[in-house]
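The values are calculated or read from the model by the stated rules, or taken from the named source; none is laboratory data. As the structure is a prediction and not an experimental result, all values here were calculated from the model. Because the Cβ atoms are built from the backbone with ideal geometry, glycine has one as well, and the counts that use them run over all protein chains shown.
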Amino acid sequence: MIPLRMPLWIVFFTLGIIGIWGVAAMNVVTAPPVALSPEEVVDIRRVTDADLSPDGATVAFATTRWRGATEPPGPAWSEIWLVPTVGGGAAKRFTNGEKGDSQPRFSPDGKLIGFLSTRGSNDKTQVLVIPLDGGEARAVTASKTSIAAFAFSRNGSRIAFVAPDPVTDDEEKRHKAGDDEAWIDHDFKQRRLSIIDVAGGEAKVVSPADLTVWNFDGSPMGDCFAFVGTATPKVDDQYCFAKLYLLDVASGKATALVDPRGKLGAVKMSPDGSLVAFLASGAGGAEPYAGSLFVVSTAGGPARCLTDGYEGTCTNVQWSPKGDLYFTSIESEYSAIYWVDPKSGDRKSIARGIGALAPNGPLAFSRDSSTFTVLRSGPNHPPEAFIGETRSGVMRRLTTLNPSLESSVFGGEEVVSWFGANGLEIEGVLVKPVGYEEGHRYPMVVTVHGGPESAETLGLACSWGAWAQPLAQRGFAVLRPNYRGSIGRGVAFASADQKDLGGAEWQDILAGVDEMVKRGIADPDRLGIGGWSYGGYMTCWGVTQTPRFKAGVMGAGISNWVSMVGTSDITYENSVFHWASWAYDDFSKHFERSGLAHVKDVQTPLLILHGQADPRVPTSQGQEFYAALKVLNKPVEMVTYPREPHGIGERAHQIDVLTRALDWFDRYLKAPVPPTGVVPTSSNGGNR
């Protein structure tokens, strides 16, 4: 307000200034938000693991740090941080290992944090402990091979860990002399379970020499362990031939508690030692994912499924210190947490319809079981640490590792549904382009998830291999379908593509495209498709089945099921759980569902991306399809990445994958791309 007794010249001057500023304000153009560059996408930090202190006051978590310019190439290092659960304090880095620290775990009394680390001149990962109130980290183990996992005993006096057997002195001498031939399916180095006092000393191997130990959990007294074991350390054995064992530490005897026909996952022993809860394939082993919850008595007897008829997929299981049993799950495009009665199977939801929980992520409880921690993503943030109340299910976010993302604009997400082959209802996630306007058609890319035993859930799809939000920021609509064979909708749905790879599941995807065209969202003349692993297969298969797609990106995809069966590290898993047959019994059936069999029909420009050290889908799968397309003079490019396995781990390679994928879709779908680095604003971007 202008004072009444102010001289007129001051009044006129003030009004003039206000007028000038008012006109200027009306002419201010708010700068459009800036699209994340591939480098910024790849550099997004994520919480990858977490544990809750017994008193519930602190969460220890792991996050990633890229290697420096002077370090040898490789995937990101891991760091351990602490964040208080009350008082709103900021997260602080807790360990300073130059080569990475991972798997933070509180000791039962809360005074120590154990973790895995490679430090000093030792190039093997060891278990270290460090006081919570500060001090130097101390190595507990001196293993000759890198430790894969560890756990404190429930009284805190010992640590159990898993590591492969070392080479013998004679083997080491022969290898140094060049006598290092590889005898396939012989000379295995089993992953053995050992125990050691937290104070230090000699580790004692306690598991049998003829078994590999995968997941394990110890009894309250530390006198026995439940573990998932196989005859060899081969991945295929882990998937197809694992058993649940009970190990008596004193005698070293391992007794099979459960010999399932299907897969085995997480294993947790009850606080009183009477029951083992575990995840395994349901429906007598037909489920292609260890997504059903079972319990079995440590005294023996049949295992009981607690989730028969559940229209979801379990992803983790945990007992609270008070003896209550909980599990996390995927339900369609959402995540959930449940309490379940281990006797009756009755369950009660703690939280449902929430943003994506990290796959196989932690579920850790405080000593009084009143609070828990999980990792959860949302519409504008990657997995972060959350604290939750067991009674109410209310969760509160503790970490914000990427504050700049809070001001970024992302494409709005929504769950969509349509009817696929045989009238089966199919769901998925639609990501609208930033700046979406009703009634305007957009170029659309279908991103197909891998597995196929996986699922698209509501959460930030923004990484080197999750292209939805980078595409949405560049003017594309993105459809992320949960075709039959996906998890999250019960055993029957997850098994619905068996014996029919590339069949009804492909029709489900096409029907989703039709629905988005029908709704006026997708431009039928500017459609693209892409994905990694099984998503790469569906891309390879899809471009041979229809000319509708004007661009495709095939990441680590299968092109020839016949050659795949004998060269992959999951020969049995793929044949047993998906094909339910062997290519060797019927070459024509398996080859008929291979993209290579129909390569002459390809009209879609295709970009093939593949790691050079991929044991799951060998690089030759991409090379076979590339060679055929080149001979046929079809539009194709192929890029391979040294040292990379099935997933891409190194920063420069991740940036290259994302850059090439985005550029490929831009080039062939002719998206209305705004000036470099700028995307149109959106009033609803990312809100859900």
Out of segment 223-233, which residues are in a loop (DSSP other than H, G, I, E, B) and either touching a residue at least 60 places away in the same chain (Cβ under 8 Å) or under 14 Å from Val162 (Cβ atoms) (or both)? Pro233
A careful count of residues in segment 586-613 that are touching an Asp or Glu at 6+ places or on another chain (Cβ under 7 Å) and either of a type in the set (D, E, K, R) or in a helix (DSSP H, G or I) (or both) gives 1
Across segment 393-416, which residue is surrounded by the fewest Cβ atoms within 10 Å (Cβ to Cβ) among those that are among the β-branched types (Val, Ile, Thr) and out of contact with any Leu (no Cβ under 6 Å at 6 or more places or on another chain)? Val394
Whether any residue in segment 381-392 is crowded, with 21+ Cβ neighbours inside 10 Å, modelled with pLDDT of 95 or more and under 27 Å from Gly552 (Cβ atoms) is what I want to check. yes
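To keep it simple, each residue is scored yes or no on (1) on the phi < 0 side of the Ramachandran plot; (2) in contact (Cβ under 8 Å) with a residue 12 or more places away in the chain; (3) surrounded by fewer than 18 Cβ atoms within 10 Å (Cβ to Cβ).
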residue: Arg304; (1), (2), (3): yes, yes, yes
residue: Gly309; (1), (2), (3): no, yes, yes
residue: Asn316; (1), (2), (3): yes, yes, no
residue: Thr328; (1), (2), (3): yes, yes, no
residue: Tyr334; (1), (2), (3): yes, yes, no
residue: Ser349; (1), (2), (3): yes, yes, yes
residue: Leu357; (1), (2), (3): yes, yes, no
Is at least one residue of segment 642-664 hydroxyl-bearing (Ser, Thr, Tyr) and more than 25 Å from the chain's Cα centre (by Cα)? no
Out of the residues in segment 478-492 meeting the condition of being surrounded by 24 or more Cβ atoms within 10 Å (Cβ to Cβ) and hydrophobic (A, V, I, L, M, F, W, C), tell me which one is nearest to Glu515 (Cα to Cα). Leu479
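Only one of these is modelled with pLDDT of 95 or more and assigned to a helix (DSSP H, G or I): Gly520, Gly465, Gly488, Gly512. Name it.
Values: Gly520 fails: assigned to a helix (DSSP H, G or I); Gly465 fails: assigned to a helix (DSSP H, G or I); Gly488 fails: assigned to a helix (DSSP H, G or I).
Just a single option satisfies the conditions, and that option is Gly512.
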Scan segment 60-109 residue by residue and report those that are among the aliphatic types (A, V, I, L, M) and under 21 Å from the mean Cα position of the chain (by Cα). Ala60, Ala62, Ala76, Ile80
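Test Ser53 against the stated conditions and say whether it is among the hydroxyl-bearing types (Ser, Thr, Tyr), surrounded by 19 or more Cβ atoms within 10 Å (Cβ to Cβ) and at pLDDT 95 or above.
On the way: among the hydroxyl-bearing types (Ser, Thr, Tyr): yes; surrounded by 19 or more Cβ atoms within 10 Å (Cβ to Cβ): yes; at pLDDT 95 or above: yes.
Criteria met by Ser53.
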(1) of a type in the set (S, T, N, Q); (2) outside any strand (DSSP E or B); (3) in contact with a helix residue (DSSP H, G or I) (Cβ under 8 Å, 6 or more places away or on another chain): which one isn't true of Gln623, the others all being true? (3)
Is segment 465-475 home to any residue that is farther than 14 Å from Ala522 by Cβ and touching a helix residue (DSSP H, G or I) at 6+ places or on another chain (Cβ under 6 Å)? yes
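With respect to Ile330, determine if the residue is within 25 Å of Gly56 (Cα to Cα) and not charged (D, E, K, R). Write out each step before concluding.
On the way: within 25 Å of Gly56 (Cα to Cα): no; not charged (D, E, K, R): yes.
No.
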Quick one: Leu460 ticks every box in (1) surrounded by 20 or more Cβ atoms within 10 Å (Cβ to Cβ); (2) part of a strand (DSSP E or B) bar one, so which box is it? (2)
Pairs where the first residue, in segment 63-74, is closer than 15 Å to Glu39 by Cα and touching a residue at least 40 places away in the same chain (Cβ under 8 Å) and the second is outside any loop (DSSP other than H, G, I, E, B) and of a type outside the set (Gly, Ala, Ser), C-beta under 9 Å, 6+ apart: Trp66/Val42; Trp66/Trp77; Trp66/Arg651; Arg67/Trp77; Arg67/Arg651
If I filter segment 557-585 down to residues being hydroxyl-bearing (Ser, Thr, Tyr) and not in a helix (DSSP H, G or I), which single residue comes out as surrounded by the fewest Cβ atoms within 10 Å (Cβ to Cβ)? Tyr584
Would a scan of segment 167-184 turn up a residue that is crowded, with 18+ Cβ neighbours inside 10 Å and over 26 Å from Ala242 (Cα atoms)? no
If we keep just the residues of segment 57-70 that are touching an Asp or Glu at 6+ places or on another chain (Cβ under 9 Å) and in a loop (DSSP other than H, G, I, E, B), which is modelled with the highest pLDDT? Trp66
